[in-house]
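Only one structure is covered here, and it is reproduced in the block below.
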Amino acid sequence: MVRAIMHGCNGKMGRVITGLVREDEGIEFVAGVDSYTGIENEYPVFEKIGQCDVEADVIIDFSNAQAVDALLDYCVDRKVPVVLCTTGLSEEQLEKVKEASGKTAVLKSANMSLGINLLMKLLKDAAKILSPAGFDIEVVERHHNQKVDAPSGTALALADSINESMDHAYEYVYDRSQVRRKRGKKEIGISAVRGGTIVGDHEVIFAGADEVIEFRHTAYSKTVFGKGAVEAAKFLAGKPAGAYDMSDVIRF
């Protein structure tokens, strides 16, 4: 049984993941950390990570960027692996993540969904075949009307996964209305749609002569991200120091 700490246990994702772990026989929460303690939990909750004195095999983090520095210090000091799901980290914090991975196991991914990360692997294989055959590549992402960044980090990660499989670099084009020219052969168009309560929808289009191949992933709730984080935590427990991502969790 993997013993885990939920960092950000009383946030939306923290509550989702607590519910998932409750039903998972391979992992249990032995403690939580959250500055808000107004929710009753089945495990002890500390306001700050430095106050936590409970032994654990791994930490799952869904908190905020302001709390990440102290979290990394704690993990390095105690040699506790961490699944880092918090986004919006500064360049300095990303460098600190890199330094921390030299002393303990750190798993960080642009998207924790198992489906999205499987899609990234599939896109690499598809691009190797379809790109040399002259297929144009477009990415369309759709999210709820409260999302402030565009394009999404996941859309960029999908495009990056294609680029990584190529022997040439694609240029990313975000707004064709500002580019008054014919579409280039070595570019990936990335479009963002914002509306309603769409949790997350990503579509990758390979458009060739007289045929189109589409890859699509749709998230209907935040549970898919929580499930990925739980699987990542079970994978990371006991791993040696190093930088990991969801591609290490998913194996063909």
Checklist entry - Is it the case that V148 is within 20 Å of the chain's Cα centre (by Cα), surrounded by fewer than 17 Cβ atoms within 10 Å (Cβ to Cβ) and β-branched (V, I, T)? => result yes
Checklist entry - Tell me, which residue of segment 60-89 that is among the β-branched types (V, I, T) and modelled with pLDDT of 95 or more is surrounded by the fewest Cβ atoms within 10 Å (Cβ to Cβ)? => result V76
Checklist entry - How many residues are part of a strand (DSSP E or B) and either within 21 Å of the chain's Cα centre (by Cα) or modelled with pLDDT under 90 (or both) if we restrict to segment 159-187? => result 1
Item to check | Which numbered condition V212 misses (of (1) β-branched (V, I, T); (2) open to solvent by less than 60 Å² (accessible area, probe 1.4 Å); (3) in a strand (DSSP E or B)) | outcome: (2)
Checklist entry - For segment 88-115, which residues satisfy the criterion of being hydrophobic (A, V, I, L, M, F, W, C) and in contact with a Gly (Cβ under 8 Å, 6 or more places away or on another chain)? => result A105, V106, A110, M112, L114
Checklist entry - So which of H202, H143 ends up being open to solvent by less than 20 Å² (accessible area, probe 1.4 Å), in contact with an Asp or Glu (Cβ under 6 Å, 6 or more places away or on another chain), within 30 Å of I17 (Cα to Cα) and not hydroxyl-bearing (S, T, Y)? => result H202
Checklist entry - Is it true that some residue in segment 28-36 is out of contact with any Asp or Glu (no Cβ under 6 Å at 6 or more places or on another chain), of a type in the set (S, T, N, Q) and surrounded by fewer than 19 Cβ atoms within 10 Å (Cβ to Cβ)? => result no
Checklist entry - Among the residues of segment 154-172, is any open to solvent by 40 Å² or more (accessible area, probe 1.4 Å), polar (S, T, N, Q) and within 25 Å of S63 (Cβ to Cβ)? => result no
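Conditions (1) exposed (fewer than 13 other Cβ atoms within 10 Å of the Cβ); (2) under 29 Å from V193 (Cα atoms), marked per residue:
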| residue | (1), (2) |
| --- | --- |
| N41 | no, no |
| D53 | yes, no |
| V58 | no, no |
| L123 | no, yes |
| I129 | yes, yes |
Item to check | Residues that are assigned to a helix (DSSP H, G or I), touching a strand residue (DSSP E or B) at 6+ places or on another chain (Cβ under 8 Å) and either closer than 17 Å to M246 by Cα or at pLDDT below 95 (or both), drawn from segment 90-146 | outcome: V97, K98, G115, I116, L119, L122, L123
Checklist entry - Do the conditions hold for G196, that is, is it farther than 22 Å from F135 by Cβ, open to solvent by less than 80 Å² (accessible area, probe 1.4 Å) and not in a strand (DSSP E or B)? => result yes
Checklist entry - Could you list, in sequence order, the residues of segment 27-65 that are touching a residue at least 40 places away in the same chain (Cβ under 8 Å), touching a strand residue (DSSP E or B) at 6+ places or on another chain (Cβ under 6 Å) and outside any strand (DSSP E or B)? => result I49, C52, V54, A56, D57, S63
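The values are calculated or read from the model by the stated rules, or taken from the named source; none is laboratory data. Every value quoted in this text rests on a predicted model; they were computed, and no experiment measured them. Please note: Cβ atoms are built from the backbone with ideal geometry, for glycine as well, and neighbour counts cover all protein chains shown. Areas reflect the complete protein model, heavy atoms only, side chains present, ligands, DNA and RNA absent. Shrake-Rupley method; radii C 1.70, N 1.55, O 1.52, S 1.80 Å.
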